[in-house]
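S.K.: This is the structure I want to talk about, given as C-alpha cells.
The values are calculated or read from the model by the stated rules, or taken from the named source; none is laboratory data. Computed from a prediction, not measured in an experiment: that's the story for all the values here. For neighbour counting, all protein chains shown are included, and Cβ atoms are generated from backbone atoms with ideal geometry for every residue, glycine included.
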Amino acid sequence: MSKPMKEMMVRDYRNRFEGLSQALIVDIRGIEANENNSLRLGLHAKNIRVSVIRNTLAREAFSGTDLEGILPTLNGPTALCYGGDSVVDVARELCDWVKKVENLDLKGAILDGEFFEGEAGVKRLSTFPTKEEAQSKVVQLVLSPAGNLIGAAQSPGGNIMGIVKEIQERLENGKTIEKTA
C-alpha cells in the first residue's frame, strides 16, 4: 500500500473515531459468513457498530487519543465495536454473542481510560451498571435519607394524633382519663 493511501486511511480512522473514548476489540477470524452477518445485524439493531481495522494504521491513528489504551490488543484480525449507550452495553451484547458464535474472541475494552484485558476483562465490564442504571442508583441514594427523614418527622405526629383521638373518644363516651406515671 502506498504512503499517501496509508495517510488517507489514518486520517479516516481519526475522523471516524474522533471523540470516541470507549470501545471494545474483538477477533472475528474464523466466523462463518452467515454467523458474521447475523452478529453484525443483531449488533446494528442495538445501535452498535463493528468496524474491521488495520492494526498498524489504527495504532498510528489512536496514538495520543482516548483509545490509546487498546493498542496492546491490536494484533491479528481486529474489529472495533462501539456505540450503544456505552461500552457496557456493547460488552453485554458481545458476551451474549460469544455464547452463540463459536469463534468470536473478546480481546479487550476501554472505558474512560481504563483497560479491560481479554475475555475476563470484558465480562467484568459487562457487570458494570450502565449510565442510566448508575444515575438511578444515585438518585435513589439521594432520596432515601430524605424519605427516612420525612417518615421520622411524621411518625411522632402520628403517635400524638392517635393519643389525642383516644382522649377525644374516651371523653365523648363519658370515661375518665386517669393520670399515668
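Table: residues versus (1) in the same structural domain as Phe116 (by TED's automatic domain parsing); (2) part of a loop (DSSP other than H, G, I, E, B); (3) crowded, with 20+ Cβ neighbours inside 10 Å.
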| position | (1), (2), (3) |
| --- | --- |
| Arg14 | yes, no, no |
| Glu18 | yes, yes, no |
| Ile25 | yes, no, yes |
| Leu41 | yes, no, no |
| Val90 | yes, no, yes |
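S.K.: Give me a count of the residues in segment 51-88 that are of a type in the set (A, V, I, L, M), within 15 Å of Ile110 (Cα to Cα) and assigned to a strand (DSSP E or B).
M.R.: Here the count works out to 2.
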